[in-house]
Amino acid sequence: MAKKKLYDENGNVVKGRLKKPFYKKIWFWLLVIVVVGYSLNSEEETAEPTDSIAVEPSKSEESAEPVVTSDSEPTEEIKAEPVVKEEPIETSAEEQYQAILDEYTQKIKEAAPKLVEEYNAEYPNNQGGLEGLAELSNDKISDLAEISNDGISAMAEVHFTKGSGKYEDYEEWASKLMDIYMEESGQITDAYMNSAQ
């Protein structure tokens, strides 16, 4: 009986057995499963809050009996108080929307006069005529828009995590913040109009 001739992928005769590619071997797939499992497990561990640590008293801490040392002086062990993890107070989506609106309204109202002052200080150095003034004004309005967008992003986070699921609720709160942004950005526009005359 003649031996079968084995050929590799290039058509060359191979003596002995053909080796499987590494991705067809069981050890490769076991390694992949272990690595993926480990990475998923480590992601879950990092997602847990680490801001509070609960301490359980040991048996020796439960009794505050005097302990005799080699000096024969009775000393009392200090008893550690267990740390109680406080649960965060749940707030409704409406309360969170209102808190975000209040916070970012304050930020916008504080930033707008400062941006007007910056504009008024910078426009005399303008060399670009009306276009230069418009660009300077737009830069200041963009700074104000960033604050507004941060607030709207925070509202979107509430919408996706705790909101009613209705886009209209998110849109209502976001439009309130946009109205405040538009009103306050009008101060910068007014400064531009005054400087353009």
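The values are calculated or read from the model by the stated rules, or taken from the named source; none is laboratory data. Predicted, not measured: the structure shown is a model, and the values here were computed from it. Cβ atoms come from the backbone with ideal geometry, glycine included; neighbour counts cover every protein chain shown.
Numbers below:
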| quantity | calculated |
| --- | --- |
| Matching residues, segment 169-191, being closer than 10 Å to A112 by Cβ, in contact (Cβ under 8 Å) with a residue 24 or more places away in the chain and acidic (D, E) | E184 |
| Near pairs, Cβ below 8 angstrom, 6+ apart or cross-chain, from segment 93-115 (closer than 18 Å to E171 by Cα) to any residue that is aromatic (F, W, Y) and loosely packed, with under 14 Cβ neighbours inside 10 Å | none |
| Residue check, D143 exposed (fewer than 13 other Cβ atoms within 10 Å of the Cβ) and in a helix (DSSP H, G or I) | no |
| Only one of N149, N126 that is within 30 Å of T91 (Cβ to Cβ), surrounded by 13 or more Cβ atoms within 10 Å (Cβ to Cβ) and of a type in the set (S, T, N, Q) | N149 |
| Residue under evaluation A121, criteria (1) modelled with pLDDT under 90; (2) surrounded by fewer than 16 Cβ atoms within 10 Å (Cβ to Cβ); (3) aliphatic (A, V, I, L, M); (4) under 30 Å from A196 (Cβ atoms), criterion not met | (1) |
